[in-house]
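The structure appears right after this line, and notes come after that.
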(Lines give C-alpha, C1' and ligand atoms only; values in the text may rest on other atoms or scores of the structure.)
Protein backbone atom coordinates (compact mmCIF):
# COMPACT_ATOMS: atom_id res chain seq x y z
CA UNK A 1 0.00 0.00 0.00
CA UNK A 2 1.48 3.43 -0.99
CA UNK A 3 2.30 5.84 1.77
CA UNK A 4 0.55 9.27 1.69
CA UNK A 5 2.82 12.25 2.14
CA UNK A 6 1.23 15.40 3.46
CA UNK A 7 3.11 18.62 2.78
CA UNK A 8 2.58 21.52 5.17
CA UNK A 9 0.70 24.43 3.65
CA UNK A 10 2.48 27.73 3.55
CA UNK A 11 0.54 30.85 4.33
CA UNK A 12 1.32 33.52 1.75
CA UNK A 13 -0.74 36.36 3.17
CA UNK A 14 1.35 39.51 3.48
CA UNK A 15 1.92 40.87 6.96
CA UNK A 16 0.16 44.19 7.34
CA UNK A 17 1.83 46.54 9.76
CA UNK A 18 -0.33 48.68 12.01
CA UNK A 19 -0.08 52.40 11.26
CA UNK A 20 2.21 54.40 13.50
CA UNK A 21 0.29 56.45 16.04
CA UNK A 22 0.78 60.15 16.68
CA UNK A 23 -0.05 62.24 19.74
CA UNK A 24 -2.05 65.45 19.42
CA UNK A 25 -0.61 67.96 21.86
CA UNK A 26 -2.24 71.15 23.19
CA UNK A 27 0.25 73.96 23.75
CA UNK A 28 -0.54 76.51 26.46
CA UNK A 29 -0.79 80.21 25.73
CA UNK A 30 -1.78 83.05 28.02
CA UNK A 31 -4.32 84.67 25.69
CA UNK A 32 -6.89 82.07 24.57
CA UNK A 33 -9.85 81.99 27.00
CA UNK A 34 -10.22 78.73 28.91
CA UNK A 35 -13.87 78.40 27.88
CA UNK A 36 -12.90 78.58 24.21
CA UNK A 37 -10.22 75.90 24.62
CA UNK A 38 -12.74 73.61 26.32
CA UNK A 39 -15.25 74.25 23.52
CA UNK A 40 -12.68 73.34 20.83
CA UNK A 41 -11.62 70.19 22.71
CA UNK A 42 -15.23 69.07 23.01
CA UNK A 43 -16.06 69.81 19.37
CA UNK A 44 -12.95 68.48 17.63
CA UNK A 45 -11.89 65.65 19.94
CA UNK A 46 -15.32 64.63 21.25
CA UNK A 47 -14.25 65.02 24.88
CA UNK A 48 -16.77 65.42 27.67
CA UNK A 49 -16.94 68.72 29.54
CA UNK A 50 -14.92 67.23 32.42
CA UNK A 51 -12.29 65.63 30.17
CA UNK A 52 -11.87 68.83 28.15
CA UNK A 53 -11.48 70.90 31.31
CA UNK A 54 -8.83 68.51 32.69
CA UNK A 55 -6.85 68.60 29.43
CA UNK A 56 -7.04 72.40 29.32
CA UNK A 57 -5.98 72.85 32.95
CA UNK A 58 -3.10 70.36 32.57
CA UNK A 59 -1.81 72.31 29.56
CA UNK A 60 -2.22 75.54 31.52
CA UNK A 61 -0.20 74.24 34.48
CA UNK A 62 2.46 72.19 32.66
CA UNK A 63 2.71 74.08 29.36
CA UNK A 64 1.58 71.14 27.21
CA UNK A 65 -0.87 68.23 27.38
CA UNK A 66 -1.50 65.20 25.19
CA UNK A 67 -5.10 65.40 24.02
CA UNK A 68 -5.42 62.08 22.17
CA UNK A 69 -3.56 59.52 20.05
CA UNK A 70 -4.54 58.74 16.45
CA UNK A 71 -3.06 57.43 13.21
CA UNK A 72 -0.83 60.11 11.67
CA UNK A 73 -3.27 61.52 9.10
CA UNK A 74 -6.14 61.74 11.60
CA UNK A 75 -3.90 63.39 14.22
CA UNK A 76 -2.62 65.99 11.77
CA UNK A 77 -6.11 66.76 10.50
CA UNK A 78 -7.56 67.21 13.99
CA UNK A 79 -4.60 69.34 15.15
CA UNK A 80 -4.92 71.58 12.08
CA UNK A 81 -8.68 71.97 12.44
CA UNK A 82 -8.41 72.79 16.15
CA UNK A 83 -5.62 75.33 15.53
CA UNK A 84 -7.63 76.88 12.69
CA UNK A 85 -10.64 77.25 15.00
CA UNK A 86 -8.48 79.42 17.26
CA UNK A 87 -7.11 81.45 14.35
CA UNK A 88 -10.63 82.10 13.08
CA UNK A 89 -11.43 83.79 16.41
CA UNK A 90 -8.07 85.61 16.57
CA UNK A 91 -6.54 83.43 19.30
CA UNK A 92 -3.02 81.95 19.29
CA UNK A 93 -4.37 78.49 20.20
CA UNK A 94 -1.98 75.79 18.93
CA UNK A 95 -2.09 72.03 18.62
CA UNK A 96 0.83 69.98 17.32
CA UNK A 97 1.50 66.31 16.62
CA UNK A 98 4.43 64.03 17.28
CA UNK A 99 5.01 60.29 16.87
CA UNK A 100 4.13 58.09 19.81
CA UNK A 101 7.06 56.05 21.04
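The residue list 69, 55, 37 contains one member that is buried (at least 16 other Cβ atoms within 10 Å of the Cβ) and touching a strand residue (DSSP E or B) at 6+ places or on another chain (Cβ under 6 Å), which is 55.
Condition check ((1) part of a helix (DSSP H, G or I); (2) under 13 Å from residue 93 (Cα atoms); (3) free of Cβ contacts under 8 Å to residues at least 60 places away in the same chain) across all residues:
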site: 13; (1), (2), (3): no, no, yes
site: 40; (1), (2), (3): yes, yes, yes
site: 51; (1), (2), (3): yes, no, yes
site: 54; (1), (2), (3): yes, no, yes
site: 68; (1), (2), (3): no, no, yes
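Identify, please: which residue in segment 22-32 is within 14 Å of the chain's Cα centre (by Cα) and surrounded by 16 or more Cβ atoms within 10 Å (Cβ to Cβ) and is, among those, farthest from residue 95 (Cα to Cα)? By that ranking, first place goes to 22. Among the residues of segment 81-101, those identified as touching a residue at least 12 places away in the same chain (Cβ under 8 Å) and part of a helix (DSSP H, G or I) are 81, 82, 83, 85, 86. Considering only segment 15-38, state which residues are without any contact (Cβ under 8 Å) to a residue 40 or more places away in the chain, touching a helix residue (DSSP H, G or I) at 6+ places or on another chain (Cβ under 7 Å) and in a loop (DSSP other than H, G, I, E, B). Answer for segment 15-38, where residues must be without any contact (Cβ under 8 Å) to a residue 40 or more places away in the chain, touching a helix residue (DSSP H, G or I) at 6+ places or on another chain (Cβ under 7 Å) and in a loop (DSSP other than H, G, I, E, B): just 28.
It is to be established whether one or more residues within segment 33-46 are at pLDDT 95 or above and under 11 Å from the mean Cα position of the chain (by Cα). Checked segment 33-46: at least one residue is at pLDDT 95 or above and under 11 Å from the mean Cα position of the chain (by Cα). Check whether at least one residue in segment 85-100 is under 28 Å from residue 19 (Cα atoms), at pLDDT below 95 and surrounded by fewer than 20 Cβ atoms within 10 Å (Cβ to Cβ), and report yes or no. There is at least one residue in segment 85-100 that is under 28 Å from residue 19 (Cα atoms), at pLDDT below 95 and surrounded by fewer than 20 Cβ atoms within 10 Å (Cβ to Cβ).
The values are calculated or read from the model by the stated rules, or taken from the named source; none is laboratory data. All of these numbers come straight from a predicted model, not from anything done at the bench. Backbone-built Cβ (ideal geometry, glycine too); neighbour counts: all protein chains shown.
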